[in-house]
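Participant: Next up is a structure, given as structure tokens.
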Amino acid sequence: MWVMALLVYAYVAGLLLPGNEPRPLVDGWLASLMKLALVGVCWASAARARFRSPELLLTAAGVTLIALADTYLVLVPADARPVTFPAPNNLGYLVFYVLLLSVLAILVRRHIRTVAWSVLLDSTIGILGACSALVVLLSPVLLSIDETGAGIPAAGTGNPLFTLLLVAGIAGIAVSQGPVATRRWILLVLGLVIFASTDIVFALLGTGYVVGTPLDAGWAVGLALIATWTDAAANPEMASSHYVNGTAALALPAVSTAAGLGVLILASQVPIPVLAVGLAATTLALAAIPLVSRQVALRRQARTDDLTGLPNRRALYAGVSLRLGTDRSQPRALLLLDLDRFKEVNDSLGHDAGDRLLVQVGNRLHGALRAGDLLARVGGDEFAILLDHSGQQEAESVAAKLRTALAVPFTLEGIALQTSVSIGIALYPEQGDDLTALLRKADMAMYKAKSSNSGHHVYRSVDNSHGETRLRTLQELRVALQEDQLVLHFQPKIDLSTGSVHSVEALVRWNHPTRGLLFPDQFLALVEEANLMHGLTQEVLRKALDQAQSWKTQGRPLTVAVNLSASSLIDVDLPERVGAMLAARGLASCALILEITEDFLMADRDRARDILVRLRGSGIRISVDDFGTGYSSLAYLRDLPIDELKLDQSFVFPMAADARAAALVASTIDLAHGLGLRMVAEGVEDSATYDALVRHGCDYAQGYFMSRPVPAAQLDQWLVERASVATLSQ
Ligand code: C2E
Ligand code: MG
Ligand code: MG
């Protein structure tokens, strides 16, 4: 490559030196050596690609032909060459063009395996636009060629028509390949453009070939760029694409169209070959097609959901208003579906899996509906369906059918995934006379179906008040945080080996000014929705640690456990802040346990690990709450810094009555112990369960059987009573 570059520089510099006398060193030696180097580089590249790359082989053959044709021109004096077309050198040049056009065709083919017809159209416009402009440019030469080919210049590439074809080809390819024009393509295209431009200038000059003019420099530079391209193309590291942006891809057909227009304007002023006028007119006619077709495609795109290919919210609006517009008397139903626990699928299996689930859900729904029903994906995991000729009964039976269709497990990443869906139904015309009203009511009904776990629910006017309550509650929550309306209740954790109590769980309640004491299930979801979880956690931590400090000063130190929601993950300063809060109250870090759920671990594993490692590093213990209910894998038990598992109540409730449930609890306790973790059983409601847990070697128990969560003062009393009972029984 270096030798070739040096020779090309030297040759071009030699050509551009002033002076008219013959320069055998430049025109003879340097020219020959340079061509040898060009041919050498091309074949070396083809060899590097193990002679398996057709484009490199064709280019090498083409460049070799040029070198041979040039040698013929130099060696055979003008009077010894045949007068009629084609002379051997002409043939060489022509075949070069054919070969290089094939190279371009191969590259295009490879990059766009399925050619969109709009791309082809753009290319055709590019080709025709370039052709019409070139025909005008070359008209003096073209007009002088007669059918014997007598006007064809005896040297150079010989035929301006081929030049025209090549430039048009390049223009067309440049247009179609706007998005895939790679760096190495640019070298090839630039080389060809320079080579062809030199040909055009040569043809226009009409002086015949004279050795040693600056035109030789043009051909040499063009070929050098082509050879450089072969070198780059044989290097696999260069294979990465450098995309030309969309504006460039759009600009090229625009330029071609402008060229066509220019030719037509020119044709009205001066005589121009008919061919040029015809080409220009066709260019303009074709240019109009994409405008129309793009409009159509854009419309379709704007109304289709990218992921599932179903109509989107916009299409739903258009479709529904069209249907309502044609027949307002017909009863209809709008169903709004929302997948249950979709977020957990996303968090535990990743967004790709979530996306694939949505696609499969879309297909199932589509398969379960009639042809005339309008199905759309209106948001993340929300689908809407408009049923024509449907009253409440029909809508409910369709809802039941859809739920059955979705109840069959989906296969995702090789695992069978069971999902369920909540469906809200709104009826037309009685519950709303446009889509906005129907959607709002279906949404309230869906919310109701979800909160009551009923699967589907038809809107009733009481649901509306529920929706309004929700909005009001959101506003009140902000006030609650500012005005200190949150209170903590504490539930003891009993050490099953001794019966003593060393720790308690802090559970938040909202002392609502009018609605009384509210439990977490009535407001925590709203706290998340209103992005207030950070404030709530902060408040709960403050109150819990204040209480721990107070117990410590009373000489009865108790460890408090505080629940952290998955959204606490965004707070990277949490470990430091908690550390400072403990230090400010003179509490050791073992005075605090943080309870996290599996979705905390799954949402962003790296961040969760980082936060947990830092918390654990400062001595704070970590407990996994509701263990056994999430989608997470067991691997996190091994990999993450955890101290304790809290087996979810749903496993504990049935254990006294069901031997299999008891066996499951027993083996989970063994699993925890095997990993060096403590096991806490939640939801212990009777003595049978308590005794069974003691038998199975569970470490701690928490439940209504021992104590409900109660205010601190009440807990103090409970502890005193318990201590006296213990003393009495001794
Ligand atoms: P959790 O952390 O699993 O708390 C245990 C829940 O089970 C508590 O409900 C408790 O009252 C209840 N429970 C305890 N023993 C029994 C029993 O024997 N039988 C039955 N049926 N239930 C029992 P609670 O207080 O309504 O809290 C519900 C959930 O709300 C908690 O589940 C926790 O996930 C969340 N939560 C509570 N306080 C906070 C908080 O301060 N921050 C956050 N982020 N979440 C909290
Ligand atoms: Mg908890
Ligand atoms: Mg729990």
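Participant: Suppose the filter is touching a residue at least 40 places away in the same chain (Cβ under 8 Å) and assigned to a helix (DSSP H, G or I); does Leu33 pass it?
Facilitator: Taking the combined requirement at face value, the residue does not satisfy it.
Participant: Taking region 496-537 only, how many residues are closer than 22 Å to Thr469 by Cβ and open to solvent by 40 Å² or more (accessible area, probe 1.4 Å)?
Facilitator: Number satisfying all stated conditions: 13.
Participant: Another question, if that's okay. Can you say whether Arg364 is surrounded by fewer than 21 Cβ atoms within 10 Å (Cβ to Cβ) and either touching a residue at least 12 places away in the same chain (Cβ under 8 Å) or in a helix (DSSP H, G or I) (or both), as far as the supplied structure shows?
Facilitator: Spelling it out, Arg364 is indeed surrounded by fewer than 21 Cβ atoms within 10 Å (Cβ to Cβ) and either touching a residue at least 12 places away in the same chain (Cβ under 8 Å) or in a helix (DSSP H, G or I) (or both).
Participant: Identify all residues within region 555-569 that are of a type in the set (Gly, Ala, Ser) and away from ligand 2 (no atom under 11 Å from the Cβ); write none if there are none.
Facilitator: Passing the criteria: Gly555, Ala566, Ser567, Ser568.
Participant: Next question. Can you confirm whether Ser32 is modelled with pLDDT under 90, crowded, with 17+ Cβ neighbours inside 10 Å and either within 19 Å of Val211 (Cβ to Cβ) or not aliphatic (A, V, I, L, M) (or both)?
Facilitator: No, not satisfied.
Participant: Being open to solvent by less than 70 Å² (accessible area, probe 1.4 Å), closer than 27 Å to Gly630 by Cβ, of a type in the set (Gly, Ala, Ser) and not assigned by TED's automatic domain parsing to the domain that holds Glu682: is that true of Ser390 here?
Facilitator: For Ser390, the condition - open to solvent by less than 70 Å² (accessible area, probe 1.4 Å), closer than 27 Å to Gly630 by Cβ, of a type in the set (Gly, Ala, Ser) and not assigned by TED's automatic domain parsing to the domain that holds Glu682 - is not met.
Participant: Related question: Within the set of pairs 6+ apart or on separate chains, which have a first residue in region 59-74 that is more than 16 Å from Ile226 (Cβ to Cβ), a second that is open to solvent by 20 Å² or more (accessible area, probe 1.4 Å), and C-beta atoms under 6 Å apart?
Facilitator: The qualifying pairs are Tyr72/Pro88.
Participant: For region 596-610, enumerate the residues that are hydrophobic (A, V, I, L, M, F, W, C) and not in a helix (DSSP H, G or I).
Facilitator: Ile596
Participant: Still on this model: Taking region 585-611 as the search range and keeping residues that are away from ligand 3 (no atom under 15 Å from the Cβ) and under 19 Å from Arg556 (Cα atoms), which one is most open to solvent (accessible area, probe 1.4 Å)?
Facilitator: Within region 585-611, the match that is most open to solvent (accessible area, probe 1.4 Å) is Cys590.
Participant: Could you look through region 540-566, keep only residues that are over 20 Å from Ala588 (Cβ atoms) and modelled with pLDDT under 95, and pick out the one that is farthest from ligand 1 (Cβ to nearest atom)?
Facilitator: Ala566
Participant: For residues that are touching a residue at least 24 places away in the same chain (Cβ under 8 Å), under 26 Å from Arg328 (Cβ atoms) and of a type in the set (A, V, I, L, M), tally how many sit in region 421-477.
Facilitator: Residues that pass the stated criteria total 11.
Participant: In region 567-584, how many residues are away from ligand 1 (no atom under 16 Å from the Cβ), surrounded by fewer than 16 Cβ atoms within 10 Å (Cβ to Cβ) and either within 12 Å of Gln549 (Cα to Cα) or not hydrophobic (A, V, I, L, M, F, W, C) (or both)?
Facilitator: 4
Participant: So, Ser623, is that one in the same structural domain as Ser667 (by TED's automatic domain parsing), assigned to a helix (DSSP H, G or I), within 18 Å of Glu505 (Cβ to Cβ) and within 16 Å of ligand 2 (Cβ to nearest atom) or not?
Facilitator: It is false that Ser623 is in the same structural domain as Ser667 (by TED's automatic domain parsing), assigned to a helix (DSSP H, G or I), within 18 Å of Glu505 (Cβ to Cβ) and within 16 Å of ligand 2 (Cβ to nearest atom).
Participant: To continue, here is another question. Looking for something in contact (Cβ under 8 Å) with a residue 40 or more places away in the chain, assigned to a helix (DSSP H, G or I) and under 15 Å from Leu406 (Cβ atoms) - is there at least one such residue anywhere in region 323-346?
Facilitator: Within region 323-346, one or more residues are in contact (Cβ under 8 Å) with a residue 40 or more places away in the chain, assigned to a helix (DSSP H, G or I) and under 15 Å from Leu406 (Cβ atoms).
Participant: Scan region 404-417 and tell me whether some residue there is in contact with a Gly (Cβ under 6 Å, 6 or more places away or on another chain) and in the same structural domain as Leu334 (by TED's automatic domain parsing).
Facilitator: no
Participant: Does Ser650 satisfy the criteria of being polar (S, T, N, Q) and within 15 Å of ligand 3 (Cβ to nearest atom)?
Facilitator: Yes; evaluated as a whole, the condition is true for this residue.
Participant: Can you find, within region 576-604, the residue that is farthest from ligand 2 (Cβ to nearest atom) among those that are farther than 25 Å from Glu344 by Cα and of a type outside the set (A, V, I, L, M, F, W, C)?
Facilitator: Ranking the candidates gives Gly586 first.
The values are calculated or read from the model by the stated rules, or taken from the named source; none is laboratory data. Values in this document were obtained by computation on a predicted structure and should not be read as measured data. Because the Cβ atoms are built from the backbone with ideal geometry, glycine has one as well, and the counts that use them run over all protein chains shown. Each accessible area value is taken on the protein alone, full model and side chains, heavy atoms only, with ligands, DNA and RNA left out. Shrake-Rupley method; radii C 1.70, N 1.55, O 1.52, S 1.80 Å.
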